[in-house]
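**Student:** My questions all concern the structure below.
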Amino acid sequence: MLKKRRFIATGSALAVTVIALSGCAGAGGSAQQDGDVTLTLATVSNPQMKDMEELKGTFEKENPGIKVNFVQMEEGDLRAAVTADVASKAGQYDIVTVGAYEVPQWGALGWLKDLTPALEADEDYDVDDLLEPVRKAISVDDKQYAVPFYGESSILMYNKAMFEEAGLTMPNNPTWQEVADFAKQLNSPDVAGICLRGKPGWGDLFAPLTTVVQTFGGNWYDMDWNAQVDSPEFTEAVNFYVDLLADAGESDPVSYSFTECLNLLSSGKAAMWYDASVAASILEDPDTSDVAGQMGYAHAPTYKTDESGWLWSWNLAIPETTKNADAATTFVKWATSKEYQQLVGETLGWTRVPPGARNSTYEIPEYKEAAAAFAPITLEVMNSVNPEQPGVDPQPWVGIQYVTIPEFQDVGNQVAQLVADAIAGRTTVEAALAEGQKIAQAAGDKQK
């Protein structure tokens, strides 16, 4: 469980930092005109959020007087804008999309509404239907400060047709060495053997890379908050990742994150991709993917651990500063309800139902049939990972692909830029991690 004491001690420092960023916040802000409420929702520009915007008309029709204005941003821009807005109490947004990393910290700091009473009072919402690992990750002291819009782990996605043509067989639980061998055999001038994130950012490059580090036996910190970024295990993992990209990855990997790899794989120009399980629902949509029906899915590759998938959720939360809390709560409940999932399935297609948030999703007959290729393994991996100790050694925080301290966002971003320089050939992995060790240690010293 996260420690509220630490957030209180460090929250003021975080606020000072993000206030300086407040000028980057997107346009918007709540408006109340002629009795009507216009909610401003800041969200990441992922396909499932675009679906939510496409379907918002149904909510507005069912709730006369409430309009919802979406502000879609790239992941990094969203984090900067929302953090600045919420921490500085600027109040531009009535609803924000925040990750599992931010919710418990912001909840403990009093920046988000406690949604527990509103959720538990509504029997139709059925809050107990939310997946328990995800619900725990966005709660502090049994208070739930957000609701999951979708949840995910990380899996290996591969093109079965390419594997069959090459005479290769993917195990259900592959090792990283097996994946590297497959990637080198399938790599060609026209097809990347594997696509991996290389774009700088703790939520970009270091989301998958941290899971690689952990299964290689490394981690960001030991139990006494001593940085481990230049440890032999961390170094071995990063060298493996950089070498794999050089040998069989996409061209110009430092410009690739989730969306770019999704486009590469869905157009048949990559043989494998290790990333968020939520991507499978998009790959299986024949309207948006050239490889629908051709994909196979396996557990995240491992080295020294039994599992190495991550656990993540994109959640809807309501800042304390909103003047439209009731209307915002009404929309948040609608967008994460069983009824919304039915609406997505019946309107846009069953593979596009937001996964990893509700148990009942996996009991919908139409979803089970449409998502048969990826739904079972997604649920299996989400229930198999261990956020309390994802790596070989114990860690003093709960979380897999991130460290739940306010400083990690900046630490991860800086070290990711150093590693991206190594991927681009501008420095060595050893030199990058030596510099990263200093950055991580400065943050670790504040936790002692």
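The values are calculated or read from the model by the stated rules, or taken from the named source; none is laboratory data. Computed from a predicted structure; not experimentally measured. Methodologically, a virtual Cβ is constructed for each residue, glycine included, from the backbone with ideal geometry; neighbour enumeration extends over all protein chains shown. These area figures cover heavy atoms from the full protein model, side chains too; ligands, DNA and RNA do not enter into them. Shrake-Rupley method; radii C 1.70, N 1.55, O 1.52, S 1.80 Å.
**Student:** Within the range 336-356, identify whether any single residue is open to solvent by 10 Å² or more (accessible area, probe 1.4 Å), over 20 Å from residue 207 (Cβ atoms), among the β-branched types (Val, Ile, Thr) and part of a loop (DSSP other than H, G, I, E, B), and answer yes or no.
**Tutor:** There is no residue in the range 336-356 that is open to solvent by 10 Å² or more (accessible area, probe 1.4 Å), over 20 Å from residue 207 (Cβ atoms), among the β-branched types (Val, Ile, Thr) and part of a loop (DSSP other than H, G, I, E, B).
**Student:** Go through (1) surrounded by fewer than 18 Cβ atoms within 10 Å (Cβ to Cβ); (2) on the phi < 0 side of the Ramachandran plot and name the single condition residue 89 misses.
**Tutor:** (2)
**Student:** List the pairs whose first member sits in the range 220-239 and is farther than 20 Å from residue 180 by Cα, whose second member is acidic (Asp, Glu), and whose Cβ atoms are under 8 Å apart, counting only residues at least 6 apart or on separate chains?
**Tutor:** Cβ pairs passing all conditions: 222/393; 223/393; 225/445; 228/222; 230/430.
**Student:** May I ask you to list the residues in the range 212-225 that are under 13 Å from residue 397 (Cα atoms), assigned to a loop (DSSP other than H, G, I, E, B) and not charged (D, E, K, R)?
**Tutor:** 219, 220, 223, 225
**Student:** From the list 330, 322, which one is touching a residue at least 60 places away in the same chain (Cβ under 8 Å), assigned to a loop (DSSP other than H, G, I, E, B) and of a type in the set (S, T, N, Q)?
**Tutor:** Selected residue: 322, the only one of 330, 322 that is touching a residue at least 60 places away in the same chain (Cβ under 8 Å), assigned to a loop (DSSP other than H, G, I, E, B) and of a type in the set (S, T, N, Q).
**Student:** Before we move on, is residue 255 of a type in the set (Ser, Thr, Tyr) and touching a residue at least 60 places away in the same chain (Cβ under 8 Å)?
**Tutor:** Here the answer is no, as residue 255 does not meet what is asked.
**Student:** Is it true that residue 444 is in contact (Cβ under 8 Å) with a residue 24 or more places away in the chain, under 11 Å from residue 220 (Cβ atoms) and either open to solvent by 30 Å² or more (accessible area, probe 1.4 Å) or more than 20 Å from the chain's Cα centre (by Cα) (or both)?
**Tutor:** It is true that residue 444 is in contact (Cβ under 8 Å) with a residue 24 or more places away in the chain, under 11 Å from residue 220 (Cβ atoms) and either open to solvent by 30 Å² or more (accessible area, probe 1.4 Å) or more than 20 Å from the chain's Cα centre (by Cα) (or both).
**Student:** Moving to a separate point now. Among the residues of the range 369-385, which ones are under 11 Å from residue 353 (Cα atoms) and open to solvent by 10 Å² or more (accessible area, probe 1.4 Å)?
**Tutor:** Scanning the range 369-385 gives a single hit, 370.
**Student:** Follow-up. Does any residue of the range 249-268 turn out to be crowded, with 23+ Cβ neighbours inside 10 Å, of a type in the set (Gly, Ala, Ser) and in contact with a strand residue (DSSP E or B) (Cβ under 7 Å, 6 or more places away or on another chain)?
**Tutor:** There is at least one residue in the range 249-268 that is crowded, with 23+ Cβ neighbours inside 10 Å, of a type in the set (Gly, Ala, Ser) and in contact with a strand residue (DSSP E or B) (Cβ under 7 Å, 6 or more places away or on another chain).
**Student:** While we're here: Among the residues of the range 405-431 satisfying the criterion of being without any contact (Cβ under 8 Å) to a residue 60 or more places away in the chain and part of a helix (DSSP H, G or I), which is most open to solvent (accessible area, probe 1.4 Å)?
**Tutor:** Result: 414.
**Student:** Let me spell it out: the conditions are (1) within 16 Å of residue 318 (Cβ to Cβ); (2) open to solvent by 50 Å² or more (accessible area, probe 1.4 Å); (3) under 24 Å from the mean Cα position of the chain (by Cα), and residue 97 meets all of them except one. Which number is the exception?
**Tutor:** Just one mismatch for residue 97, condition (2).
**Student:** Does the range 245-271 hold any residues that are under 23 Å from the mean Cα position of the chain (by Cα), in a helix (DSSP H, G or I) and not β-branched (Val, Ile, Thr), and which are they?
**Tutor:** Those that are under 23 Å from the mean Cα position of the chain (by Cα), in a helix (DSSP H, G or I) and not β-branched (Val, Ile, Thr): 245, 253, 255, 258, 260, 261, 262, 263, 264, 265, 266.
**Student:** Keeping to the range 169-210, report how many residues are farther than 25 Å from residue 379 by Cβ and open to solvent by 30 Å² or more (accessible area, probe 1.4 Å).
**Tutor:** 10
**Student:** So, residue 317, is that one free of Cβ contacts under 8 Å to residues at least 24 places away in the same chain and either over 28 Å from residue 81 (Cα atoms) or among the aliphatic types (A, V, I, L, M) (or both) or not? Outline the logic, then answer.
**Tutor:** Numbers: free of Cβ contacts under 8 Å to residues at least 24 places away in the same chain: no; either over 28 Å from residue 81 (Cα atoms) or among the aliphatic types (A, V, I, L, M) (or both): yes.
So residue 317 does not fit the description; no.
**Student:** Let me ask something additional. Taking the range 278-328 on its own, how many of its residues are open to solvent by 30 Å² or more (accessible area, probe 1.4 Å), within 29 Å of residue 349 (Cβ to Cβ) and of a type in the set (Ser, Thr, Tyr)?
**Tutor:** Looking only at that region, the number is 1.
**Student:** While we're on this one: Could you give me the residue pairs with C-beta distances under 6 Å whose first residue belongs to the range 151-162 and is at pLDDT 95 or above and of a type in the set (D, E, K, R), whose second residue is in a strand (DSSP E or B) and open to solvent by less than 10 Å² (accessible area, probe 1.4 Å) wherever it lies, and which are 6+ apart or on separate chains?
**Tutor:** 160/296
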